Every structure is written in C-alpha cells, then in structure tokens.
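A.B. asks: The structure under discussion is supplied below as structure tokens; questions concerning it will follow.
The values are calculated or read from the model by the stated rules, or taken from the named source; none is laboratory data. Only a predicted model underlies this, so the values are computations on that prediction, with no experimental measurement involved. Counting neighbours? That spans all protein chains shown, and the Cβs are built from the backbone with ideal geometry, glycine included.
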Amino acid sequence: MTIRVVIADDHRVVRAGLCYLLGQEPGIEVVGEAGDGRQTVDVVAAARPHVLLLDLYMPGSDGHAVLAALRDTPHPPAVVVLTSATGDEHLVRAMHAGATSYLLKTAPAEHVIAAVRDAAAGTASLSPELLTRLTQALRRPPPPDPLQPLSPRERDVLRLIARGHSNRQIARDLAIGEQTVKTHVRSILTKLGLQDRVQAAIFALRHRPDSHEHQP
C-alpha cells in the first residue's frame, strides 16, 4: 500500500523540503500541501490522505484547530505533528486532541520518515525526551479553573456578555429579570477582579465559559 501524505506548514521552503524528502521514499506519496489551517482541512477532505504532517504554528486556524476539526470528520488521517512548538502545553494538547506522533523540527530526517510510516500503521511515535516530558506533564495537577468562582448562571451571563449582548438581551435569552442580570454582572466583576464589561468580555473569550441551560 502506498502511504498518501498531506503536508501542512505555512513555510513554502519547509513544505518543499518535506515533499522532496518523502518523495524519495518508496511507498510514500505526497498528495497535497497546505499553508494554513483552513486550507489544511479542505485539502485533507479532498485528498483523503493516510497521514497528515502538521505544523502547529500557522496563520488563521492553527494546528490545534485543525486537530479539533478533523476529529469531526468521518475518516480522519493519522496526524504527525512536526513543529517548532516546544512547550509542554502544546505537546499535551496535541496528543489529547488525537495526534498520533509529535516531532520537533530539529528531528533527523529518518525520524520524520519513520514517524510517517508508523502513523500509517497505527503506531504512535515519540522521542524518548518527549515521551518523558509528556508523562511528567500528565502527572502534574491541572491548573486552577479561572472560572471556578462563578456559579453556572454567572457563567451563562458571562458567555452572553462575550457575545456583546446587552442586559436586556441577556434577560430575554435566560428568561430572567433585567435587574437579576445586573446583579449577576456586578457579582462576576467582583469575583473575577474586573473593572467593566469590556474586561469581562475579553476574559470570557480567553477562558470560554461552558454553556449551561438552566431554568430560572
């Protein structure tokens, strides 16, 4: 079986180098390239590769967004992350999102080729260093939830503030009184140490409060 590969990286020179490298390998065929996250999802859908070689740092939708989008597709490829992102948070997030392998761009060419072949065979591939870091990162306690001080209803209000809704719109959407909304807004600002609705909206966009459906 010929392993069909799509390469996603925003640097044309990197893509060209990977195309040349993989093109010399028997049983591997590069069937598509992409330079940003949105294009990657489209190319994968059209080319139906066995393996996606994915950078995390790309304009628009980054590699993490691509991993999330591919999870909802009927036949997602195995994903080999090849990136300069060295932080443990990127490693853990990518593996949680379904990446098969994670390589740094400093990896030798033979490691990249081996990771592609392993991914096509359904085998994960991590360097000993990255495997150690992943294990250590997973053992650490999770960071505290910045939204923990808020009640479920306050999270609902914060979510709607982030959408630019007025107090009146929030009251209508949640079927509660406008005065109750004002009380919730004051409580949110106090609990989170924020000064106004603009700061609250920015906070919400960064931390994405869960959606809850509650009866008043």
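A.B. asks: On the given criteria, is Gly23 assigned by TED's automatic domain parsing to the domain that holds Leu126 and within 18 Å of the chain's Cα centre (by Cα)?
C.D. replies: no
A.B. asks: Starting from the range 39-68, keep only residues that are of a type in the set (Ser, Thr, Tyr), then list their pairs with residues that are surrounded by fewer than 16 Cβ atoms within 10 Å (Cβ to Cβ) and part of a loop (DSSP other than H, G, I, E, B) whose Cβ atoms are within a distance under 8 Å, requiring at least 6 positions of separation or different chains.
C.D. replies: Filtered contacts from the range 39-68: Tyr57/Ser84.
Yes/no per residue for (1) surrounded by fewer than 19 Cβ atoms within 10 Å (Cβ to Cβ); (2) touching a strand residue (DSSP E or B) at 6+ places or on another chain (Cβ under 9 Å):
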residue	(1), (2)
Pro108	yes, no
Val116	no, yes
Ala137	yes, no
Asp145	yes, no
Asp156	no, no
Gly177	yes, no
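A.B. asks: Residue check, Leu54 against (1) surrounded by 16 or more Cβ atoms within 10 Å (Cβ to Cβ); (2) more than 21 Å from the chain's Cα centre (by Cα), all met but one. Which one?
C.D. replies: (2)
A.B. asks: In the range 1-34, which residues are farther than 11 Å from Ile113 by Cα, part of a helix (DSSP H, G or I) and touching a residue at least 24 places away in the same chain (Cβ under 8 Å)?
C.D. replies: Result: Val14, single match.
A.B. asks: How about the range 19-60: which of its residues are over 20 Å from Ala124 (Cβ atoms) and of a type in the set (A, V, I, L, M, F, W, C)?
C.D. replies: Cys19, Leu21, Val30, Val31, Ala34, Val41, Val43, Ala45, Ala46, Ala47, Met58
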